[in-house]
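Asks: Below is a structure I'd like to ask you about.
The values are calculated or read from the model by the stated rules, or taken from the named source; none is laboratory data. Model, not experiment: these values are computed from the prediction. Cβ atoms come from the backbone with ideal geometry, glycine included; neighbour counts cover every protein chain shown. Calculation scope for accessible area: heavy atoms of the full protein, side chains included, ligands and nucleic acids excluded. Shrake-Rupley method; radii C 1.70, N 1.55, O 1.52, S 1.80 Å.
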Amino acid sequence: MPKIEVNENLFFNLLGKRYDYDTLEKKLTCAKAELDEKPDMSKPAGERVIKIELNDTNRPDLWSTNGVARQLRLHEGAEHGDYDKFLSKAGAVKDCGNRIVTVDPELRSIRPFMVSFVISGKAIDDPMLKDIIQTQEKLAWNFGRKRKTISMGVYRVADIKFPVHYKAVDPDKTSFIPLACDSPMTCRQILTDHPKGKDYGWILKDMKKFPLLEDDKGEVMSMAPIINSATLGAVQVGDRDLMVELTGSDMESLMLSANIVACDFADCGYEILPVRVDHPYETGLGKSVTAPFYFQPVTKGWLSHINSLLGSSFTADEVTASLYSMGDTVSSERVTKDGCEDVEFTLNPPPYRNDFLHEVDIIEDVMIGRDVETFEPEKPHDFTIGRLLPLTQFSRKAKMLMVGLGYQEMIFNYVGSRHDYIDNMGIDAAKVIEIANPMSENYQFIRPEIISSLLRAESGSANAQFPHKIFEIGKVAYLCDEENTGTRTRQKLGFLTAATTANFNDAAAEVSSLLYFLDHKYEVKECSDPRFIPGRQAAVIVNGRQVGVFGEVAPQVLTNWAVTVPCAAGEIDLEELM
């Protein structure tokens, strides 16, 4: 979960009051947060740092000092911030003057989108500068997948001549002085020689051209998403006007991030000046995009559903007040629904939030806004006896049989990379579930089968004495049009033997023993699973349905995993056997 460090003085100044740390711990629950570490009280108040852990990743607006302080202020009854004075909306775009950025058409296939705005009005002090840097890194690292989909840069406006140009350049012929350096480096050289290039160069290394931001004088501002220039991109304490830009591959995420940062600075007393970015292609929010921009859709909820789910008897006014204390703007209307009178709420999220996907999200905000501690504990109305699910009992029986056959149980993650689940196994990716917004490429796909997990364990076990016999009983999932959700999750048993003598016949004998003691008659048929050697594999058929497969693992699959001994493996759907 994200953790942030906040300057004690800055935090309590933004909050408008001071709490002792036991009280603060309780107050933080409205932001789904908790104290991770109290400050060192031996330090001066201006240097003390409070460490806060956020327990939710769908509220990136809370990943800053002001984000947490704002939520606590609102929960205590503070008025909403006046963000309309700088927010553009559909049909009502703010005037940007000469603050314009042009985008090169070639960036469409490199790093296509950009949004920007200007912070003005007063000088940046040291705590605020540190918080800018922290917010930049948290948004880019956690929300932007280590800068791949979102990166952020900040520049001194006094030295910039508008319009600014976002261009695609030849990385071997373009050079500038990056931050923390005193001599020019080519864009390609930055990837290999600069510390930030070593950290984030993987994002651009395969591109023929690199993205570069420069002003109308030709002065380089940054090479997104790697590093700012040492001239325009070196922000210091005392700077008054700053240009903030965000580049990436997802316009909605970029705009949400821009709104978050802009609202943070507006709450701190800065003036926000919009910037227009002209794209030569469609972005999802139009070609000319002016940030900050309000794009959040409305969400509807009903009083009967809120009270039913929370076990409450709130009035419409109480629900409205609870949502207001979470920063939401709400209107209500009496309606007739399913023949009964009800109240329909229409919620407009604040510009820094985009996490309302369903009516249940409204209900969660009502609960938090009302304060969880105000809900009276209730005893259960029905008497129930806990017991194991039949599937769990059946799985335990299969587990004991596998142990009896000499296998050792393993437990693996259900989420992994394309390399592990698809490329190494040589399977078709059409049915594999891909996560839309993964935090890392290593956790981008849901595993469609268990054998890949077993081979990963085997690939790191070459020094252990052979034979290796391992198994796992766990979940797999895959795309399935027959399900309402479009996916199907199954409980499967996977097993693998690694030894110089591992072969089809031994695997067949163990499958026979397992199914005998699970009280199932079966037959085998020839199959063509790419994970196994042709002619040395078989499908397991029970009651006319295929419930599994086993065989000798294909040499190419073993090579992909760097496994140097023969392997026999199999997989059986336990739910099909119940």
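Asks: Residues of region 24-65 being hydroxyl-bearing (Ser, Thr, Tyr) and closer than 19 Å to Ser325 by Cβ, which ones?
Replies: Listed by number, the list holds a single entry, Thr29.
Asks: Restricting attention to region 284-293, which residues are under 12 Å from Leu254 (Cα atoms) and either modelled with pLDDT under 95 or among the hydrophobic types (A, V, I, L, M, F, W, C) (or both)?
Replies: Passing the criteria: Gly284, Leu285, Val289, Ala291, Phe293.
Asks: For region 181-198, enumerate the residues that are open to solvent by 80 Å² or more (accessible area, probe 1.4 Å) and touching a residue at least 40 places away in the same chain (Cβ under 8 Å).
Replies: Passing the criteria: only Asp182.
Asks: Where residues in region 424-448 are within 19 Å of Thr485 (Cα to Cα) and of a type in the set (D, E, K, R), which of them is modelled with the highest pLDDT?
Replies: Only one residue fits best here, namely Arg447.
Asks: Hey, another quick one. Considering only strands (runs of 3 or more DSSP E) fully contained in region 213-306, which possess at least 2 residues that are touching a Gly at 6+ places or on another chain (Cβ under 7 Å) and surrounded by 15 or more Cβ atoms within 10 Å (Cβ to Cβ)? Spell out how you get there, then give the answer.
Replies: Working: elements: 220-223, 242-248, 271-278, 288-291, 299-302.
So the answer is 220-223, 242-248.
Asks: Being assigned to a loop (DSSP other than H, G, I, E, B) and surrounded by 16 or more Cβ atoms within 10 Å (Cβ to Cβ) is the filter here, so list the residues in region 504-519 that pass it.
Replies: Hit for region 504-519 is Leu518, nothing else.
Asks: Considering only region 454-487, state which residues are loosely packed, with under 15 Cβ neighbours inside 10 Å and either in a helix (DSSP H, G or I) or of a type in the set (Lys, Arg) (or both).
Replies: Within region 454-487, Lys475 is the sole residue that qualifies.
Asks: Any residue at all in region 375-397 that's touching a residue at least 60 places away in the same chain (Cβ under 8 Å), open to solvent by less than 70 Å² (accessible area, probe 1.4 Å) and under 30 Å from Phe314 (Cα atoms)?
Replies: Just the residues of region 375-397 that are touching a residue at least 60 places away in the same chain (Cβ under 8 Å), to begin with: 375, 378, 390-391, 394-395, 397.
Checking the rest, the ones that are also open to solvent by less than 70 Å² (accessible area, probe 1.4 Å) come to 375, 391, 394-395.
Applying the additional criterion that residues be under 30 Å from Phe314 (Cα atoms) yields 375.
Yes: region 375-397 contains one or more residues that are touching a residue at least 60 places away in the same chain (Cβ under 8 Å), open to solvent by less than 70 Å² (accessible area, probe 1.4 Å) and under 30 Å from Phe314 (Cα atoms).
Asks: Are any residues in region 28-67 more than 16 Å from Glu8 (Cβ to Cβ) and assigned to a helix (DSSP H, G or I), and if so, which ones?
Replies: Thr29, Cys30, Ala31, Pro60, Asp61, Leu62, Gly67 - these are the residues of region 28-67 that are more than 16 Å from Glu8 (Cβ to Cβ) and assigned to a helix (DSSP H, G or I).
Asks: Oh, and also: Specify the residue that is surrounded by the most Cβ atoms within 10 Å (Cβ to Cβ); the eligible residues are those in region 13-32 that are touching a helix residue (DSSP H, G or I) at 6+ places or on another chain (Cβ under 6 Å) and within 15 Å of Asp371 (Cα to Cα).
Replies: Residue satisfying both the conditions and the ranking: Ala31.
Asks: Let me ask another. Only residues that are without any contact (Cβ under 8 Å) to a residue 40 or more places away in the chain and under 20 Å from Ala234 (Cβ atoms): list them for region 199-221, please.
Replies: Result: Asp199, Gly218.
Asks: Restricting to region 319-342, and then to whatever is in contact with a Phe, Trp or Tyr (Cβ under 7 Å, 6 or more places away or on another chain) and open to solvent by less than 50 Å² (accessible area, probe 1.4 Å), can you tell me which residue is nearest to Phe86 (Cα to Cα)? I'd like the intermediate steps shown before the answer.
Replies: Applying the first criterion (in contact with a Phe, Trp or Tyr (Cβ under 7 Å, 6 or more places away or on another chain)) to region 319-342 yields 319, 330, 332, 337, 342.
Add one more test, that the residue is open to solvent by less than 50 Å² (accessible area, probe 1.4 Å), and what stays is 319, 330, 342.
Working: Val319: 29, Val330: 21, Asp342: 36 Å.
Ranking the qualifying residues of region 319-342, first place goes to Val330.
Asks: Could we say that Pro448 is without any contact (Cβ under 8 Å) to a residue 40 or more places away in the chain, crowded, with 17+ Cβ neighbours inside 10 Å and not aliphatic (A, V, I, L, M) here?
Replies: Values: without any contact (Cβ under 8 Å) to a residue 40 or more places away in the chain: yes; crowded, with 17+ Cβ neighbours inside 10 Å: yes; not aliphatic (A, V, I, L, M): yes.
Yes, satisfied.
Asks: Can you tell me which residue is most open to solvent (accessible area, probe 1.4 Å) among those in region 199-208 that are part of a loop (DSSP other than H, G, I, E, B) and either of a type in the set (A, V, I, L, M) or at pLDDT 95 or above (or both)? Working first, answer last.
Replies: Going through region 199-208, the residues part of a loop (DSSP other than H, G, I, E, B) turn out to be 204-208.
Subset that is either of a type in the set (A, V, I, L, M) or at pLDDT 95 or above (or both): 204, 207.
Working: Leu204: 2, Met207: 55 Å².
Ranking the qualifying residues of region 199-208, first place goes to Met207.
Asks: Within region 520-546, how many residues turn out to be of a type outside the set (Lys, Arg), loosely packed, with under 12 Cβ neighbours inside 10 Å and not in a loop (DSSP other than H, G, I, E, B)?
Replies: The qualifying residues number 2.
Asks: Yes or no: region 356-364 includes at least one residue that is in a loop (DSSP other than H, G, I, E, B), crowded, with 18+ Cβ neighbours inside 10 Å, under 27 Å from the mean Cα position of the chain (by Cα) and modelled with pLDDT of 90 or more.
Replies: Looking for residues that are in a loop (DSSP other than H, G, I, E, B), crowded, with 18+ Cβ neighbours inside 10 Å, under 27 Å from the mean Cα position of the chain (by Cα) and modelled with pLDDT of 90 or more, one finds at least one in region 356-364, hence yes.
Asks: Taking the options Arg145, Arg111, Arg99, Arg70, name whichever one is within 29 Å of Ser325 (Cα to Cα) and buried (at least 21 other Cβ atoms within 10 Å of the Cβ).
Replies: Result of the check over Arg145, Arg111, Arg99, Arg70: Arg70.
Asks: Then there is this: Quick check on my filter: what residues within region 488-503 are touching a residue at least 60 places away in the same chain (Cβ under 8 Å) and open to solvent by less than 80 Å² (accessible area, probe 1.4 Å)?
Replies: Selection gives Arg490, Gln491, Lys492, Leu493, Gly494, Phe495, Leu496, Thr497, Ala498, Ala499, Ala502, Asn503.
Asks: Which of the following residues is in contact with a Cys (Cβ under 7 Å, 6 or more places away or on another chain) and either modelled with pLDDT of 95 or more or over 30 Å from Gly301 (Cα atoms) (or both): Pro351, Pro390?
Replies: One residue alone meets the criteria, Pro351.
Asks: Cβ-Cβ distance below 8 Å, separation of 6 or more or different chains: which pairs start in region 311-339 with a residue that is within 22 Å of Pro349 (Cα to Cα) and end on one that is among the polar types (S, T, N, Q) and open to solvent by 60 Å² or more (accessible area, probe 1.4 Å)?
Replies: Close Cβ pairs satisfying both conditions: Ala316/Ser332; Val319/Ser332; Thr320/Ser332.
Asks: Which condition breaks for Leu401 when tested against (1) over 30 Å from Asp61 (Cα atoms); (2) open to solvent by 80 Å² or more (accessible area, probe 1.4 Å); (3) part of a helix (DSSP H, G or I)?
Replies: (2)
Asks: If Ala158 passes every condition in (1) closer than 22 Å to Asp241 by Cα; (2) buried (at least 17 other Cβ atoms within 10 Å of the Cβ); (3) hydrophobic (A, V, I, L, M, F, W, C); (4) touching an Asp or Glu at 6+ places or on another chain (Cβ under 7 Å) but one, which one does it miss?
Replies: (2)
Asks: On to the next question. For the structure I just gave you, tell me whether Ser120 is more than 23 Å from Glu219 (Cβ to Cβ) and surrounded by fewer than 22 Cβ atoms within 10 Å (Cβ to Cβ).
Replies: In short, no.
Asks: Report, by residue number, each residue of region 374-398 that is hydroxyl-bearing (Ser, Thr, Tyr) and not in a helix (DSSP H, G or I).
Replies: Of everything in region 374-398, just one residue is hydroxyl-bearing (Ser, Thr, Tyr) and not in a helix (DSSP H, G or I), namely Thr384.
Asks: Answer with yes or no whether Asp56 is free of Cβ contacts under 8 Å to residues at least 12 places away in the same chain, within 29 Å of Ser249 (Cα to Cα) and either open to solvent by less than 20 Å² (accessible area, probe 1.4 Å) or within 30 Å of the chain's Cα centre (by Cα) (or both).
Replies: no
Asks: Does Ser64 satisfy the condition of being at pLDDT below 95 and over 29 Å from Asp278 (Cα atoms)?
Replies: yes
Asks: Moving on. Just one of Asp61, Asp40, Asp131 is surrounded by fewer than 19 Cβ atoms within 10 Å (Cβ to Cβ) and of a type in the set (D, E, K, R); which is it? Spell out how you get there, then give the answer.
Replies: Values: Asp61 fails: surrounded by fewer than 19 Cβ atoms within 10 Å (Cβ to Cβ); Asp131 fails: surrounded by fewer than 19 Cβ atoms within 10 Å (Cβ to Cβ).
None of the other options fit; the residue is Asp40.
Asks: Related question: For region 382-404, check the following and say yes or no: at least one residue is over 34 Å from the mean Cα position of the chain (by Cα) and among the polar types (S, T, N, Q).
Replies: Yes, region 382-404 contains a residue that is over 34 Å from the mean Cα position of the chain (by Cα) and among the polar types (S, T, N, Q).
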